[in-house]
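Asks: I have a structure here, written as structure tokens, and I will follow up with some questions on it.
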Amino acid sequence: MRAESPQAVWLSWARQRAEELRDAPGNGPARIARFFDAASDGEHLAAAFLWQQEAPGRFQLVASGGVSRLVAAGGRLLLEGGHMDAVRAAFQSGTVSTAEWSTPAGTDVRIVRRRVDWAAGRTVVLELAFPAAAPHDPEWQTLVCSEIGALLSRLDAAPVPAPAAAADPFWEPFSAFVLSLQQSLSVSAVAQVAANDGRVLLECDRISVALRTGSSCRVAAVSGQESLQNRANLVRRLATLAREASRYGEPVLYEGTLDGFPSFLADPLAGFLEESRSRMVTILPLRKNVPHERIEQDLVDRRRPPAGEVIGCLVLEQFSESAPTDLVRARGVLVAEQVAAALSNARDHETIFLLPLWKAVGRACRWGRGRRLALAGAVCALLALVGGALAFVPWEYRVEARGQAMPAVQHEIFAPWDGIVVDVSAENGQTVERGTVLAVLRSDDLETELLEAENVVREKQKQIESLGQQRERAGARGNEEEALRLAGELRKVEIELEGTRLRRAKVLSRKEGLVVRSPANGCVATFQTRQNLLDRPVKRGDLLLQIMDVDGPWRLELDVPEYRMGHLLEAHRGPGTAPAAPVPPVEVEFVAATAVTQVKRGALSAIGSRSNESQEKGSVVEVFVEIVPNDLPGRRIGAEVTARLHCGPRSLGYVLFGDLLEFVQRKLWW
């Protein structure tokens with residue numbers, strides 16, 4: 001059944017009408033007859049009959065309603081014997097039976113009969129006549145019989161005289177409960193009050209509040225629980241049950257048996273009972289508040305007041321008794337109405353757009369009233385002054401970078417050939433001159449190649465000597481042809497000898513290159529040269545040593561984060577692509593790690609043309625800064641420095657908060 005269907009609205013109204021007639025004057029049959037007349041509206045129910053056995057096989061009509069719709073004008077309703085036989089069969093079998101009936105007034109109805117067992121051993125037969133034009137839904141009609149049978153049992157009981165309001169102990173805690181519900185506009189707080197205080201008020205074992213969110217339900221509060229585990233089996237089963245009960249839209253009462261429950265409620269209810277072990281469960285729908293102007297208009301138009309949309313359920317449980325307590329029966333609906341009103345207001349309040357912002361604005365406005373008005377004006381003026389200063393006061397924007405102080409003249413010495421370092425003469429910090437031997441390498445490949453070349457030279461020389469003697473003997477014998485052949489071979493060997501000698505000279509040159517010499521005057525900047533190089537195999541092109549001129553110019557080698565390069569490039573090149581006037585050099589302030597109290601100055605000299613990846617800083621660009629060598633204490637190569645590059649004036653607000661703005665743009669915007 002779909003939520004908020006016309007049938008569900010009618011059944012909800014019937015329950016409310018039965019509660020109103022429960023304390024009405026008169027006996028039970030009179031109250032039941034008035035209820036039948038009210039419920040038989042001709043659209044959902046045409047007529048109703050209640051039969052009671054007065055003797056074996058004989059039945060007496062206790063009450064009826066809507067009979068005028070079944071007979072002609074001024075006529076009487078006469079029931080044939082077959083009708084009473086069907087009543088007897090329903091009484092004996094206890095099952096639900098249906099039949100089609102064409103009334104004397106020419107109205108076609110569908111009769112549904114069911115035996116109803118009341119308290120004190122009374123058994124009656126309820127007949128409901130549904131209009132033939134109404135949708136044929138046997139499951140719904142059976143459920144209506146069960147609901148109305150329970151309502152008739154309450155109407156038949158003698159009304160309990162209402163004690164004086166002052167003497168009833170319920171109303172004082174009820175008033176406190178309602179006040180607690182209305183003290184907060186937070187949905188979670190209202191749900192907690194409804195669950196915990198409602199359990200004490202109704203004297204049941206547990207109360208849970210479930211709220212609809214779209215097509216599903218979530219458990220908002222359970223009495224005695226400060227927090228909920230939404231993945232717990234009990235909470236999940238309760239949410240499933242509340243979802244189906246909310247779609248149903250009517251109160252549900254479980255008193256120890258699932259007989260008569262439709263399948264869409266019986267299955268989730270059985271699953272919940274398996275986890276909760278409850279013996280009584282009452283589920284009361286919570287409905288959204290209906291605007292007063294709509295209710296008043298419906299009363300003016302003499303229409304039934306509409307029922308609000310179901311927003312959740314109030315679940316009452318008892319663990320020891322299967323019958324609801326008197327408070328649950330008499331006051332449960334009243335409590336649910338108050339809870340629904342408070343939750344509806346809280347939900348509407350929390351749907352206000354930007355509610356926390358408007359609350360903060362409201363608190364600020366409230367704070368600035370009365371005696372604080374002058375103070376509030378001063379605060380606003382101060383804020384305006386600070387905002388203006390942040391926007392219009394210029395301030396120097398500086399880009400921070402870290403790096404090292406290095407000599408500007410640097411030489412890197414690489415291995416000239418594959419080999420093994422057999423001697424290292426240079427030490428870290430040693431001053432050397434151009435041509436000083438720094439290290440010696442040995443290459444077995446070059447030794448082998450040189451030996452092969454020398455062997456070939458000796459072999460070719462022997463061949464030349466032998467061919468010369470053979471040519472002389474051939475000439476002495478007068479064999480000119482043989483002499484010419486030997487002369488050609490001799491020339492060939494001489495050419496091969498010349499090539500071998502050139503190869504040997506080249507190998508010797510390479511061997512001489514294994515003696516590594518300093519390319520310029522300077523200082524050895526490589527740390528632990530003997531430990532790192534001696535007896536170590538190297539390949540051609542491997543870095544062996546670094547020679548730096550510590551007496552010449554020095555510079556700072558800084559790593560600037562790439563995302564800061566825009567400000568630096570603008571300051572270095574000037575705004576635009578073709579500045580009208582020369583751009584002054586970018587001023588740099590730096591502090592050496594060995595002298596943090598001394599701030600020195602330099603000028604930006606060059607910017608790298610590509611970016612590099614740094615494990616600590618990410619993508620960086622190397623920049624070079626010219627400095628005065630005497631500004632460095634001790635001129636220690638590789639001394640760590642922290643520098644600030646002046647990029648020109650910006651607004652004070654951008655200087656203070658520009659980094660935060662750029663971070664948001666990099667991480668969240670792009």
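Asks: Cβ contacts < 9 Å: first residue under 20 Å from residue 265 (Cα atoms), restricted to segment 130-149; second residue polar (S, T, N, Q) and modelled with pLDDT of 80 or more, any location; separation 6+ or different chain. Result?
Replies: 138/98; 139/263; 141/98
Asks: Cβ contacts < 8 Å: first residue surrounded by fewer than 22 Cβ atoms within 10 Å (Cβ to Cβ), restricted to segment 546-563; second residue among the basic types (Lys, Arg) and at pLDDT below 85, any location; separation 6+ or different chain. Result?
Replies: Qualifying pairs under 8 Å: 550/635; 559/617; 561/617; 563/666.
Asks: Return the residue satisfying two criteria in turn: it lies in segment 472-512 and is modelled with pLDDT of 80 or more and among the acidic types (Asp, Glu), and of such residues it is nearest to residue 441 (Cα to Cα).
Replies: So, considering only residues that are modelled with pLDDT of 80 or more and among the acidic types (Asp, Glu), the one nearest to residue 441 (Cα to Cα) is 498.
Asks: Name the residues in segment 504-526 that are of a type in the set (Gly, Ala, Ser) and surrounded by 19 or more Cβ atoms within 10 Å (Cβ to Cβ), would you?
Replies: Looking only at segment 504-526, we keep the residues that are of a type in the set (Gly, Ala, Ser), and these are 505, 509, 513, 518, 520, 522, 525.
Within segment 504-526, 518, 522, 525 meet the criteria.
Yes/no per residue for (1) surrounded by fewer than 15 Cβ atoms within 10 Å (Cβ to Cβ); (2) modelled with pLDDT under 85; (3) part of a helix (DSSP H, G or I); (4) aromatic (Phe, Trp, Tyr):
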site	(1), (2), (3), (4)
396	yes, no, no, no
402	no, no, no, no
412	yes, no, no, no
417	no, yes, no, yes
423	no, no, no, no
449	no, yes, yes, no
453	no, yes, yes, no
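Asks: Which of the residues spanning segment 520-535 are part of a helix (DSSP H, G or I) and hydroxyl-bearing (Ser, Thr, Tyr)?
Replies: Going residue by residue through segment 520-535, those that are part of a helix (DSSP H, G or I) are 529-533.
Passing the criteria: only 529.
Asks: What pairs come out if I take residues in segment 238-262 that are more than 21 Å from residue 221 (Cα to Cα) and basic (Lys, Arg) and pair them with residues that are at pLDDT below 85 and surrounded by 16 or more Cβ atoms within 10 Å (Cβ to Cβ) whose C-beta lies under 6 Å away, six or more apart or interchain?
Replies: As it stands, the answer is none, since no pair meets every condition given.
Asks: Looking at segment 20-42, which of its residues are in a helix (DSSP H, G or I) and surrounded by fewer than 15 Cβ atoms within 10 Å (Cβ to Cβ)?
Replies: Residues satisfying the conditions are 20, 30.
Asks: List the residue pairs whose Cβ atoms are under 7 Å apart, where the first residue sits in segment 396-409 and is within 16 Å of residue 638 (Cβ to Cβ), the second is among the polar types (S, T, N, Q) and part of a strand (DSSP E or B), and the two are 6 or more positions apart or on different chains.
Replies: Cβ pairs passing all conditions: 402/642.
Residues checked against (1) surrounded by fewer than 21 Cβ atoms within 10 Å (Cβ to Cβ); (2) assigned by TED's automatic domain parsing to the domain that holds residue 124; (3) modelled with pLDDT of 95 or more:
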site: 176; (1), (2), (3): yes, no, no
site: 185; (1), (2), (3): yes, no, no
site: 208; (1), (2), (3): no, no, yes
site: 217; (1), (2), (3): no, no, no
site: 228; (1), (2), (3): yes, no, no
site: 234; (1), (2), (3): yes, no, no
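Asks: Hey, another quick one. Which of the residues spanning segment 613-641 are assigned to a strand (DSSP E or B) and buried (at least 16 other Cβ atoms within 10 Å of the Cβ)? Quick ask: steps written out before the conclusion?
Replies: First, pick out the residues of segment 613-641 that are assigned to a strand (DSSP E or B): 613-614, 618-627, 639-641.
Answer for segment 613-641, where residues must be assigned to a strand (DSSP E or B) and buried (at least 16 other Cβ atoms within 10 Å of the Cβ): 620, 621, 622, 623, 624, 625, 626, 627, 639, 641.
Asks: Listed residues 498, 494; which is assigned by TED's automatic domain parsing to the domain that holds residue 465, part of a helix (DSSP H, G or I), charged (D, E, K, R) and out of contact with any helix residue (DSSP H, G or I) (no Cβ under 7 Å at 6 or more places or on another chain)?
Replies: 498
Asks: Now, a different point. Within segment 536-552, count every residue that is assigned to a loop (DSSP other than H, G, I, E, B) and touching a helix residue (DSSP H, G or I) at 6+ places or on another chain (Cβ under 7 Å).
Replies: Qualifying residue count for the region: 1.
Asks: Now for a different question. Out of all the residues in segment 425-439, which are β-branched (Val, Ile, Thr) and buried (at least 16 other Cβ atoms within 10 Å of the Cβ)?
Replies: 432, 436
Asks: Would it be correct to say that residue 494 is farther than 30 Å from residue 565 by Cα and either surrounded by fewer than 13 Cβ atoms within 10 Å (Cβ to Cβ) or free of Cβ contacts under 8 Å to residues at least 12 places away in the same chain (or both)?
Replies: Numbers: farther than 30 Å from residue 565 by Cα: yes; either surrounded by fewer than 13 Cβ atoms within 10 Å (Cβ to Cβ) or free of Cβ contacts under 8 Å to residues at least 12 places away in the same chain (or both): no.
Against the criterion (farther than 30 Å from residue 565 by Cα and either surrounded by fewer than 13 Cβ atoms within 10 Å (Cβ to Cβ) or free of Cβ contacts under 8 Å to residues at least 12 places away in the same chain (or both)), residue 494 does not qualify.
Asks: Is it true that some residue in segment 326-337 is assigned to a strand (DSSP E or B), surrounded by 11 or more Cβ atoms within 10 Å (Cβ to Cβ) and either outside the structural domain of residue 214 (by TED's automatic domain parsing) or in contact with a strand residue (DSSP E or B) (Cβ under 6 Å, 6 or more places away or on another chain) (or both)?
Replies: no
Asks: Please work out which residue is nearest to residue 588 (Cα to Cα), limiting yourself to segment 604-621 and to residues that are touching a Phe, Trp or Tyr at 6+ places or on another chain (Cβ under 9 Å) and touching a residue at least 24 places away in the same chain (Cβ under 8 Å). Steps first, please.
Replies: Taking segment 604-621 first, the residues touching a Phe, Trp or Tyr at 6+ places or on another chain (Cβ under 9 Å) are 604-608, 618-619.
Still in the list and also touching a residue at least 24 places away in the same chain (Cβ under 8 Å): 604-605, 607, 618-619.
Values: 604: 7, 605: 10, 607: 13, 618: 23, 619: 21 Å.
The residue in question is 604.
The values are calculated or read from the model by the stated rules, or taken from the named source; none is laboratory data. Here the structure is a predicted model, which is why all the values come from computation and not from measurement. All Cβ positions, even for glycine, are placed from backbone atoms using ideal geometry, and neighbour counts span all protein chains on display.
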